[in-house]
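What follows is a set of notes on a single structure, which appears directly below.
Derivation of every value follows stated rules applied to the coordinates shown; laboratory data play no part. Small disclaimer: the values here were computed from a predicted structure and weren't measured. Here the Cβ is made from the backbone with ideal geometry for all residues, glycine too, and neighbour counts use every protein chain on show.
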Amino acid sequence: MASHLFFPRSETPPEPPRRSSLSRAAIIDFEASCLPEDCASYPIEVALAPVDQPTRTWLIRPAAEWAYWDWTEEAEQLHGISREMLDQRGLPVEQVLTELAEAAQGYEVYADCDLDAYWLETLAAACHRRAPFPVRYLGELLCARGLVRAQVQAALRRASLQLPQAHVARQDANRLALMVRLLRREAQVA
């Protein structure tokens, strides 16, 4: 359960987070066409959950250049998003990237996995743009705040009891944002 929060896989992490207010943090989470270990995946859903604000979610209509990229039944069963759903309700990649960038203004954006940075870059590349903001690793923020693994895992377990559904971008981002709020509350009480 999210043991990777403290150990990002990236060889070159983004600059360390400043000691900023946790209320200026936002969690990003993507769902994708397939599991990246198996194939060339592309983003199909993204959620941005500011710690103290409502979450925004976008379904992403696949870009034309992704037409021959991979899609697996296994991933579809996990996230419950079909190709038909994306064709009918997904938004164009340019609209998603623009709205996501606007929603992220003023926040430091964090993820629990470096794949979210990859999918942001994939989305931006489909728009012939650069990623509009860096995605930092949530574990770095938590370590910078002096939190230890046991505290984070306990808060994540409590958040998971309240938001148990996994592999839905909104729920995954909300769960991590709730975990941050729980940790902040504990620090204020201590």
For the stretch 56-70, Karplus-derived ³J(HN,Hα) couplings (6.51, -1.76, 1.60; θ = phi - 60°; whole Hz; x for glycine and proline) come out as 10, 9, 10, 8, 10, 5, x, 5, 4, 5, 8, 3, 10, 6, 7
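With each run of n ≥ 4 DSSP H residues scored as -39500 (n - 2.57), what mean residue ellipticity at 222 nm is computed for the chain after dividing by its residue count and rounding to the nearest 500 deg cm²/dmol? Mind showing how you got there, number by number?
On the way: 7 runs with 81 residues, N = 190.
That comes out to -13000 deg cm²/dmol.
Anything in the chain that counts as a DSSP H helix reaching 18 Å or more along its axis (C-alpha) with Kyte-Doolittle mean of at least -0.5? List them, would you?
Details: long enough: 114-126 (19 Å, 0.40); 149-162 (20 Å, -0.41); 169-189 (30 Å, -0.35).
Correct list, ordered by number: 114-126, 149-162, 169-189.
Using Cβ contacts closer than 10 Å as the measure, can you line up THR122, THR55 from fewest to most? Walk me through the numbers on the way to the answer.
Working: THR122 21, THR55 18.
If I rank by nearby Cβ atoms, fewest first, I get THR55, THR122.
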Hey, can you grab everything whose amide H is under 5 Å from the amide H of ARG136? Only 5+ residues off in sequence or another chain; H modelled, so Pro and N-termini drop out.
VAL109, TYR110, ALA111
Yeah, the chain with a ≥ b ≥ c from its alpha-carbon gyration tensor (a/c under 1.5 is rounded, else prolate when a/b outruns b/c, oblate otherwise) is prolate
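Would you kindly state the longest site-free stretch of the chain, with sites defined as GluC sites (Glu not before Pro) in a DSSP loop (not H, G, I, E, B) surrounded by at most 15 other Cβ atoms within 10 Å?
Values: sites that count: GLU11, GLU37.
That gives 38-190 as the longest site-free run.
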What list of ³J(HN,Hα) values in whole Hz, one per residue of the stretch 25-33 in order, does the Karplus curve 6.51 cos²θ - 1.76 cosθ + 1.60 (θ = phi - 60°) give from phi, with Gly and Pro shown as x?
9, 9, 9, 10, 8, 10, 10, 9, 5
Residues whose built amide H sits under 5 Å from the amide H of ALA32, excluding neighbours closer than 5 in sequence, are ILE44
